[in-house]
Amino acid sequence: MAGVYSVSQVTAYIKNLFRQDFALNRLSVKGEVSNCKYHPSGHIYFTLKDKGSTLACVMFSGQRKGLDFQLKEGQQVVVSGSVDVYERDGRYQMYAKEIVLDGRGDLFARFEELRNRLEEMGMFAPEYKQPIPKYARTVGIVTASTGAAIQDIINISRRRNPYVQLILYPAIVQGEEAKYSIVRGIETLDRMGLDVIIVGRGGGSIEDLWAFNEEIVARAIFNCSTPVISAVGHETDVTIADYVADMRAPTPSAAAELAVFDYYILKNTLETYRKRLLNGLLRTVENKSYQLRFLESRFQLHHPGRTLNEKRQRLLDIEDQLRMLTERKAASCRQRADLISDRMKVLMDKKDQQTRHRLGILSERLEGLSPVKSIARGYGYVTGPDGRRLDSVDKIKIGDRFQVQLGDGTVTGRAEEVARKELQ
């Protein structure tokens, strides 16, 4: 090629080279799935990666008919297809026609089976998550005694808080015995009554991290009464322990930052609060001092001795007024009492005369009605045989005895005739 070419011409030339290369038109690539996205159109966009590089991939919706599993992050797969240039972006990518799980696909199947089963049992439910203490003083660590993970945790913890107590349970974190060692570490630290426990290790392959996908480890974390932070591998590594733990940290370093509070930030915050409190107290004291001086000046203007004398004189004036008022009231009451006494005497005398007059009239009336007076005038008081007053012929029969009371004695007789006669 010679001369000056446009971007499109260069891209088209490279694309043609790709298509002429038989190896790039039909090849299989093995790697780990990352950045997996399902487009609404049905296409799948993802990246294959290994330790050294990444490869952009796409599987169009028409090719998905042969895909018999759900493509997810972290899966080890073998992608078959072709590599070509995407002219618009000027980059190459793989166009997948077939995707199969790598030889380690059985691990992903076991992972999914256990994850689904534990999720159905509720072991991932938010209501079982314990809060991570904000100011932990004792932090337990279940990890290998050597390696970058423990060093990162120690360094960051000491940098954030030199007074925090770190207790390491040196566990086996890889291999067949790792799951039992991790469980013993969790149970041992849980019995010590610590504030929080970090369980994790550094990065590695899915086989290296598999101990943290074991059910026995998941149950130990779930049953732990101490809050647990999982810190397994790198940010892209996800294990069953991460689902069960009370909090997941993307790395051991991040776990240390979550578990250990920053002593210096807290110290500065407390110092700020102390200064604010002190300034507030000083302002309060200053205000109260000003109020006190103001009251003292008013006190001098209104001397209590002067006020007391004025009050005392006022009290004496009131006492004099009360005494004069009492004397006038007493004199008025005595005058009214004398007047009332005189009037009562006149009324009593008049009432006595009226009563005597009425008694005389009543006495004369009573004497006129007295039977004794009637007898003295020639009348008699007749009683029947039973000694009762005889005032009707119906109360006596012929032959009955009767008695007549006269003015100077009594006459006893017997009825010889009984005749009714009305008085004219």
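Each value in this text was obtained by applying a stated rule to the coordinates, not by laboratory testing. None of these values were measured; they are calculated from a predicted model. Cβ sites come from the backbone with ideal geometry, for glycine too, and all protein chains shown count toward neighbours.
Summary of computed values
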{"item": "Violating pairs (Cα-Cα greater than 20 angstrom) within the set Lys329/Lys351; Lys267/Lys288; Lys129/Lys267; Lys51/Lys97; Lys49/Lys97; Lys15/Lys65", "result": "Lys329/Lys351; Lys267/Lys288; Lys129/Lys267; Lys51/Lys97; Lys15/Lys65"}
{"item": "Candidates per GluC sites (Glu not before Pro) in region 231-289, loop by DSSP, up to 15 other Cβ within 10 Å", "result": "Glu235"}
{"item": "Residue-count net charge about Arg159 - beta-carbon cut-off 13 Å; Lys, Arg +1, Asp, Glu -1", "result": "-1"}
{"item": "Gaussian network model of the chain, springs between alpha carbon atoms under 10 Å - residue of Lys329, Lys267, Lys397 with greatest fluctuation", "result": "Lys397"}
{"item": "Gain on full stretching of the segment that runs from Tyr13 to Glu417 - 0.36 nm per residue minus C-alpha separation", "result": "127.2 nm"}
{"item": "Cut-off 14 Å between beta-carbons: net charge of the residues surrounding Glu319, Lys and Arg +1, Asp and Glu -1", "result": "+1"}
{"item": "Asp50 versus Tyr86: modelled label distance in nm, points set 7 Å from Cα along the beta carbon direction", "result": "2.2"}
{"item": "Estimated inter-spin distance, Asp342 and Ser61, nm [label 7 Å along Cα→Cβ]", "result": "13.1"}
{"item": "Extension gain (nm, one decimal) between Leu295 and Leu325, 0.36 nm per residue minus Cα-Cα", "result": "6.7 nm"}
{"item": "Cys333, Cys57 arranged by Cβ crowding within 10 Å, fewest neighbours leading", "result": "Cys333, Cys57"}
{"item": "Whole-angstrom gap from region 39-60 to region 385-410, using each part's C-alpha centre", "result": "154"}
{"item": "Residues in region 231-259 reached by a label modelled at Asn155 [backbone nitrogen below 19 Å; 7 Å Cα→Cβ]", "result": "231-235, 250-259"}
{"item": "Mean separation of Cα contacts under 8 Å, 6 or more apart, over the residue count of the chain: relative contact order %", "result": "9"}
{"item": "Rg/Rg_globular for region 47-116, with Rg_globular taken as 2.2 N^0.38 Å and Rg from C-alpha atoms", "result": "1.24"}
{"item": "Stokes-Einstein D (µm²/s) once Rh is taken as the Kirkwood radius of region 112-208 over alpha-carbon pairs, at 37 °C in 0.692 mPa s", "result": "218"}
{"item": "Semi-axes of the equivalent ellipsoid for the chain, Cα gyration tensor, largest first, Å", "result": "131, 47, 28"}
{"item": "Ellipsoid equivalent to region 1-52 - semi-axes via the Cα gyration tensor, in Å", "result": "29, 17, 12"}
{"item": "Local electrostatic count, Glu98, Cβ distance below 14 Å [Lys/Arg +1, Asp/Glu -1]", "result": "+3"}
{"item": "R0 of 25 Å, Cβ-Cβ distance Asp102-Glu215: FRET efficiency to nearest 0.05", "result": "0.60"}
{"item": "Computed lengthening from Glu207 to Val404, 0.36 nm per intervening residue step minus Cα-Cα distance", "result": "55.4 nm"}
{"item": "GluC sites (Glu not before Pro) within region 326-370, DSSP loop, no more than 10 other Cβ atoms inside 10 Å", "result": "none"}
{"item": "Cβ-derived FRET efficiency at R0 56 Å, Asn25 paired with Arg283, nearest 0.05", "result": "0.10"}
{"item": "Least to most buried among Glu187, Glu319 (fewest other Cβ within 10 Å first)", "result": "Glu319, Glu187"}
{"item": "Given charges at Cβ of Lys, Arg, Asp, Glu: region 54-199 dipole, positive-most of Ile132, Ala178, Ala56", "result": "Ile132"}
{"item": "Candidates Leu282, Leu48, Leu308, ranked by Gaussian network fluctuation over the chain, Cα under 10 Å, top entry", "result": "Leu308"}
{"item": "Most mobile listed residue (Val85, Val238, Val393) in the chain, GNM with C-alpha springs under 10 Å", "result": "Val393"}
{"item": "Computed label-point distance, nm, for sites Thr383 and Gln335 using a 7 Å Cα→Cβ extension", "result": "6.9"}
